[in-house]
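Down below is the structure, laid out as structure tokens.
The values are calculated or read from the model by the stated rules, or taken from the named source; none is laboratory data. Quantities reported herein were computed from a predicted structural model and do not represent experimental measurements. Every residue, glycine as well, gets a Cβ built from its backbone with ideal geometry; the counts of neighbours run over all protein chains shown.
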Amino acid sequence: MLQQTRVAAVIAKYERFLKKFPSVQRLSSAREASVLAEWSGLGYYRRARNLRVAAKIVAREGKFPRSAEGWRVLPGIGRYTAAAIASIALDKPVAVLDGNVARVLRRLLGLPITSAAAWRVAQVLLDHARPGDFNQAMMELGATICLPGQPLCTRCPIRAFCCTRGRDQSSRHKPRQRKSSIAYELAVSAGFVRMVRRSRNASLMPGMWELPQCADAINEGQLLFRLNHSITNTDYRVGVIKRAGKSSDDGTWVRLSGVPRLALTGLARKILCKAGIIR
């Protein structure tokens, strides 16, 4: 869950996920739709699908991998995640490198080093006696002190060793966010709401449920509310309009009590929460 998602957004989802799937066996036997429903709102849903497939492999083999190399064999687990699991859970002397750690290393050395070089430096600096603690400390240092824009150098515990004191030599810039407008229909009738399921072949969020999209120009008299939502590198200004049940032909009528169990897109969940249909 922490891949590409902020810690603050993960905690509540993580606790709820563990209650729903308290063991790898329960997760491996769960339907994909159930897993996606609990993941709804975290984005990058391929991670949830990979997690379920990985659970099936672990359940079938009857044990978890015991090395970073073993973890990398599982779907959805790359070099960073494998190193984090191996060092923190298994006490293996393997360094991690995420965006935060890479920024700390660039500033510490005063060099715009490549990713390959950063991995080597991280491994050299690693405390082999306490690799998990060291890796977590490096990640936390980058996340809370050695910030991208204005690092808190006066509070940094390693400032005496730092060559740049916050002057990042990297020339990387965040990609510019595109802006777009979109509208959805909210049709509720007799305890049911109209929903649309995305194609399983869709490149983005396949098989997820959302509200019917409105192709017509928005009539301000129909407008219920607006909200903002970001997907990858696009910021959307979203309009939600009220439709009479009979006028919305796209999609399927879903009982309101069953909506929370659907694999909803993050935007659909946000709209339905704001409308008071789910919590």
Next item on the list: Return the residue satisfying two criteria in turn: it lies in the range 179-203 and is loosely packed, with under 14 Cβ neighbours inside 10 Å and in contact with a helix residue (DSSP H, G or I) (Cβ under 6 Å, 6 or more places away or on another chain), and of such residues it is farthest from GLY239 (Cα to Cα).
Entry: GLY191
Next item on the list: Looking only at the range 11-34, decide whether some residue is among the basic types (Lys, Arg), within 17 Å of MET208 (Cβ to Cβ) and surrounded by fewer than 17 Cβ atoms within 10 Å (Cβ to Cβ).
Entry: yes
Next item on the list: Return yes or no: is LYS179 of a type outside the set (Phe, Trp, Tyr), part of a strand (DSSP E or B) and either modelled with pLDDT under 90 or in the same structural domain as TRP39 (by TED's automatic domain parsing) (or both)?
Entry: yes
Next item on the list: Give me the pairs, please: first residue somewhere in the range 110-134 and farther than 16 Å from TYR80 by Cβ and assigned by TED's automatic domain parsing to the domain that holds ILE85, second residue anywhere and of a type in the set (Val, Ile, Thr) and surrounded by 13 or more Cβ atoms within 10 Å (Cβ to Cβ), beta-carbon distance under 8 Å, and either six or more positions apart or on two chains.
Entry: GLY110/THR164; ILE113/VAL121
Margin query: Here's a check for you: in the range 191-203, which residue that is touching a strand residue (DSSP E or B) at 6+ places or on another chain (Cβ under 8 Å) and part of a loop (DSSP other than H, G, I, E, B) is farthest from ALA263 (Cα to Cα)?
Written below: GLY191
Next item on the list: Tell me, please, whether a residue that is assigned to a helix (DSSP H, G or I) and either within 22 Å of the chain's Cα centre (by Cα) or closer than 30 Å to SER28 by Cα (or both) can be found in the range 116-130.
Entry: no
Checklist line | Which listed residue is out of contact with any Cys (no Cβ under 9 Å at 6 or more places or on another chain), outside any loop (DSSP other than H, G, I, E, B) and aliphatic (A, V, I, L, M), from LEU97, LEU74, LEU105 | finding: LEU105
Check: Condition test on ILE231, is it within 21 Å of the chain's Cα centre (by Cα), closer than 21 Å to GLU38 by Cα and either of a type in the set (Gly, Ala, Ser) or modelled with pLDDT under 90 (or both)?
Finding: yes
Next item on the list: Can you give me the ranges of the helices (runs of 4 or more DSSP H) entirely in the range 1-51 with at least 2 residues that are over 19 Å from ILE77 (Cβ atoms) and basic (Lys, Arg)?
Entry: 7-20
Check: In the list ALA143, ALA137, ALA129, ALA118, which residue meets the criterion of being touching a helix residue (DSSP H, G or I) at 6+ places or on another chain (Cβ under 7 Å) and at pLDDT 95 or above?
Finding: ALA118
Item checked: Which numbered condition VAL58 misses (of (1) outside any helix (DSSP H, G or I); (2) in contact with a Ser or Thr (Cβ under 9 Å, 6 or more places away or on another chain); (3) among the β-branched types (Val, Ile, Thr)) -> (1)
Item checked: Considering residues of the range 61-71 that are in a helix (DSSP H, G or I) and among the hydrophobic types (A, V, I, L, M, F, W, C) only, the residue surrounded by the fewest Cβ atoms within 10 Å (Cβ to Cβ) -> ALA68
Notebook entry, point to check: Which one of these is farther than 22 Å from GLY43 by Cβ, at pLDDT 90 or above and not polar (S, T, N, Q): TRP253, TRP209?
Noted result: TRP253
